[in-house]
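S.K.: Here you go, one structure.
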Amino acid sequence: MGRIVVDVMLKPEILDPQGQAVARALPRLGFDHITEVRQGKRFVLTVDGEVTEDDLAQARDAAERLLSNPVIEDVVSVRAEASATTGATSEASATSGASA
Amino acid sequence: MRIGVVTFPGSLDDRDAIRAVRLCGAEAVSLWHADDTLHDVDAVILPGGFSYGDYLRCGAIARFAPVMDRVIDAATGGMPVLGICNGFQILCESHLLPGALIRNDHRLFNCIDVRLVVENTATPWTRDFGRWQEITIALKNGEGGYVADQRTLDMLEAEGRVVFRYAGSNPNGSYNAIAGVSNERGNVVGLMPHPEHCVEEGFGPSTDGRGFFTSVIAALAAGTGLEVRQ
C-alpha cells in the first residue's frame, strides 16, 4: 500500500483569514517571534501496491482539477511516501512543482 | 416558461428559489444533482446552501455532480444561469465565472441585509432594474469574500461585468466590493446575497429580489435563451 502526499497552499496574494486568526492567538501562548501564519491543506492518497509514476501523474491531475482551485491556490507538492512495508522512512519522490 | 432549480445534497434555499420563481409567474422545475438532463428548462438557478457540507472548498464537489455537466453545456450555449451564494461558489468552481469566494475577512458569519448597486442591467437576470439602482436584499454566508487576480478584476471592471457592488460598507472583504459578476456573454450571473428571500411583503427587508425573476421571465419571453433550450 503506497501513499501520495499532496500539499496545497493559498496563493501568497490571497488573504488567509484562518491563518491570521491563528497568528493572533500565538502571542497569547507566548509564541512571540512568529510574525505570520499561512494555513494550507494536506491530502494523503492511498493506492494499492507501490506508488508508480502513473499513480503520481494521476495524483497531479487530481490535485489540479479537484484538490486545489487554481484561482486561489497552488499545488506546492505531490510526492510519494516510501512504502511502510519496506521500512524506509525517507520520501521517495521530489516535489512536482505542479502549478508553480 | 420553465425555470429549473438544482438541489444538491446540502442545498438549503432551493425551496425558497422555487417559491420565488412561482410567485413571479414562471413554472419551477426541481432538478436533482444526479440528473443527466435539464428536463427542458429555459433557465437554471443554482441555489444557496452548503452543498456537500462545504467540504474541500465551497462548491468544489458540487461542481462535479452529473447535472453540472448539463448546466455547463447549457450555460456555454447561452442559457440564463443564476448562482446564488453557494450557487455562485459552484459557478466559480466550474469556471463559468471568474474568481473565487473565500472566508469573510472578519471570519464571522454574516446574516444581514445589504444594499447593492445594480451596475449592469444588460443581463437576463437584471434587465428589470435601473442602472445604478440601489436594492436591499439579504446576505448570509461565512465565505463570501470575492477574490480574483488583478488582471481579472481589471477585465471585469473594464467590461462592465461587475453586476452588483456592495453599497456603503464592504461586508466581507470582497475585492473592489464586488457582490456579483457575470460571464463574458452575460447569461451567467452569480452573487452572494439572496434575492429569493426578498420576494414577499412581510418576509425580508424588501421585495427587491423579485426583479431577478421577473427579469429572466421577460428575457425568455423576448427570446433570450430559448434558442438553446434543451
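The values are calculated or read from the model by the stated rules, or taken from the named source; none is laboratory data. Nothing here was measured: the structure is a model prediction, and the numbers come from that model. Methodologically, a virtual Cβ is constructed for each residue, glycine included, from the backbone with ideal geometry; neighbour enumeration extends over all protein chains shown. The area values use the complete protein model at the heavy-atom level, side chains included, leaving out ligands, DNA and RNA. Shrake-Rupley method; radii C 1.70, N 1.55, O 1.52, S 1.80 Å.
S.K.: Please state which one of A:Ser77, A:Ser99 is at pLDDT 95 or above, crowded, with 16+ Cβ neighbours inside 10 Å and not aliphatic (A, V, I, L, M). Don't jump to the end; show me each part of the working.
M.R.: Details: A:Ser99 fails: at pLDDT 95 or above.
Checking each option against the conditions leaves just A:Ser77.
S.K.: Give just the number: which of (1) more than 30 Å from B:Leu97 (Cβ to Cβ); (2) at pLDDT 95 or above does A:Ala88 not satisfy?
M.R.: Here A:Ala88 clears every test but (2).
S.K.: Still on this model: Report yes if B:Asn172 is over 15 Å from the mean Cα position of the chain (by Cα), within 14 Å of another protein chain (Cβ to nearest Cβ) and open to solvent by 10 Å² or more (accessible area, probe 1.4 Å), otherwise no. Working first, answer last.
M.R.: Working: over 15 Å from the mean Cα position of the chain (by Cα): yes; within 14 Å of another protein chain (Cβ to nearest Cβ): yes; open to solvent by 10 Å² or more (accessible area, probe 1.4 Å): no.
Spelling it out, it is not the case that B:Asn172 is over 15 Å from the mean Cα position of the chain (by Cα), within 14 Å of another protein chain (Cβ to nearest Cβ) and open to solvent by 10 Å² or more (accessible area, probe 1.4 Å).
S.K.: Scan the range B:134-150 for residues that are of a type in the set (A, V, I, L, M) and assigned to a loop (DSSP other than H, G, I, E, B) and report the count. Can you show your working first?
M.R.: Narrowing the range B:134-150 to residues of a type in the set (A, V, I, L, M): B:135, B:137-139, B:147-148.
In the following step, the residues that additionally are assigned to a loop (DSSP other than H, G, I, E, B) were identified as B:148.
Adding up the residues that qualify gives 1.
S.K.: Taking the stated definitions as given, is B:Asn176 assigned to a helix (DSSP H, G or I) and either under 29 Å from B:Leu12 (Cα atoms) or of a type in the set (Phe, Trp, Tyr) (or both)? Walk me through it before giving the result.
M.R.: Working: assigned to a helix (DSSP H, G or I): yes; either under 29 Å from B:Leu12 (Cα atoms) or of a type in the set (Phe, Trp, Tyr) (or both): yes.
Taking the combined requirement at face value, the residue satisfies it.
S.K.: Condition first: open to solvent by 40 Å² or more (accessible area, probe 1.4 Å) and touching a Phe, Trp or Tyr at 6+ places or on another chain (Cβ under 8 Å). Now tell me which residues in the range B:110-120 satisfy that.
M.R.: Filtering the range B:110-120 for residues open to solvent by 40 Å² or more (accessible area, probe 1.4 Å) gives B:111-113, B:115.
Passing the criteria: only B:Arg115.
S.K.: Among the numbered criteria (1) touching a helix residue (DSSP H, G or I) at 6+ places or on another chain (Cβ under 6 Å); (2) of a type outside the set (Gly, Ala, Ser); (3) open to solvent by less than 60 Å² (accessible area, probe 1.4 Å), which one does B:Thr37 miss?
M.R.: (1)
S.K.: Restricting to the range B:121-132, name every residue that is within 22 Å of B:Ser206 (Cβ to Cβ) and open to solvent by 70 Å² or more (accessible area, probe 1.4 Å). Full working, then the answer.
M.R.: As a first pass, look at the range B:121-132 and keep what is within 22 Å of B:Ser206 (Cβ to Cβ): B:121, B:123-132.
Listed by number, the residues that qualify are B:Arg127, B:Asp128, B:Arg131, B:Trp132.
S.K.: Mind checking whether some residue in the range B:87-100 is under 24 Å from B:Arg210 (Cα atoms), away from every other protein chain (no Cβ under 14 Å), in contact with a helix residue (DSSP H, G or I) (Cβ under 8 Å, 6 or more places away or on another chain) and not small (Gly, Ala, Ser)?
M.R.: There is no residue in the range B:87-100 that is under 24 Å from B:Arg210 (Cα atoms), away from every other protein chain (no Cβ under 14 Å), in contact with a helix residue (DSSP H, G or I) (Cβ under 8 Å, 6 or more places away or on another chain) and not small (Gly, Ala, Ser).
S.K.: On to the next question. Do you know which of the residues in the range B:31-68 that are within 14 Å of another protein chain (Cβ to nearest Cβ) and touching an Asp or Glu at 6+ places or on another chain (Cβ under 8 Å) is farthest from B:Glu93 (Cα to Cα)? Let's see the steps before the verdict.
M.R.: Let us first name the residues in the range B:31-68 that are within 14 Å of another protein chain (Cβ to nearest Cβ), namely B:52, B:54-65, B:68.
Now restrict to residues that are touching an Asp or Glu at 6+ places or on another chain (Cβ under 8 Å): B:54, B:57-60, B:62-63.
On the way: B:Asp54: 12, B:Arg57: 9, B:Cys58: 8, B:Gly59: 6, B:Ala60: 6, B:Ala62: 9, B:Arg63: 6 Å.
The residue in question is B:Asp54.
S.K.: To continue, here is another question. Go through the range A:24-56 and report how many residues are surrounded by 10 or more Cβ atoms within 10 Å (Cβ to Cβ), over 22 Å from the mean Cα position of the chain (by Cα) and of a type in the set (A, V, I, L, M, F, W, C).
M.R.: So the count comes out to 3.
S.K.: Residues in the range B:92-105: is at least one over 15 Å from A:Asn69 (Cβ atoms) and open to solvent by 10 Å² or more (accessible area, probe 1.4 Å)? Steps first, answer last, please.
M.R.: Looking only at the range B:92-105, we keep the residues that are over 15 Å from A:Asn69 (Cβ atoms), and these are B:104-105.
Now narrow it down to the ones that are open to solvent by 10 Å² or more (accessible area, probe 1.4 Å): B:105.
The answer is yes, given that some residue of the range B:92-105 is over 15 Å from A:Asn69 (Cβ atoms) and open to solvent by 10 Å² or more (accessible area, probe 1.4 Å).
S.K.: Of all residues in the range B:13-27, which are free of Cβ contacts under 8 Å to residues at least 40 places away in the same chain and surrounded by fewer than 22 Cβ atoms within 10 Å (Cβ to Cβ)? Let's see the steps before the verdict.
M.R.: The initial filter retains those residues of the range B:13-27 that are free of Cβ contacts under 8 Å to residues at least 40 places away in the same chain, namely B:14-15, B:18, B:22, B:27.
Scanning the range B:13-27 gives B:Arg15, B:Ile18, B:Arg22, B:Glu27.
S.K.: It is to be established whether one or more residues within the range B:112-119 are within 14 Å of chain A (Cβ to nearest Cβ), among the aliphatic types (A, V, I, L, M) and farther than 21 Å from B:Thr214 by Cβ. Please lay out each step first, then the result.
M.R.: So in the range B:112-119, the residues within 14 Å of chain A (Cβ to nearest Cβ) come out as none.
Among the residues of the range B:112-119, not one is within 14 Å of chain A (Cβ to nearest Cβ), among the aliphatic types (A, V, I, L, M) and farther than 21 Å from B:Thr214 by Cβ, which makes the answer no.
S.K.: A further question on this structure: Please work out which one of (1) crowded, with 17+ Cβ neighbours inside 10 Å; (2) in contact (Cβ under 8 Å) with a residue 40 or more places away in the chain is the condition B:Leu31 fails and give its number.
M.R.: Failed condition: (2).
Yes/no per residue for (1) part of a helix (DSSP H, G or I); (2) over 14 Å from the mean Cα position of the chain (by Cα); (3) closer than 20 Å to B:Cys24 by Cβ; (4) among the small types (Gly, Ala, Ser):
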| residue | (1), (2), (3), (4) |
| --- | --- |
| B:Gly83 | no, no, yes, yes |
| B:Leu96 | no, no, no, no |
| B:Arg107 | no, yes, no, no |
| B:Trp125 | no, no, yes, no |
| B:Asp128 | no, yes, yes, no |
| B:Trp132 | no, yes, no, no |
| B:Thr152 | yes, yes, no, no |
| B:Val163 | no, no, yes, no |
| B:Gly168 | no, yes, no, yes |
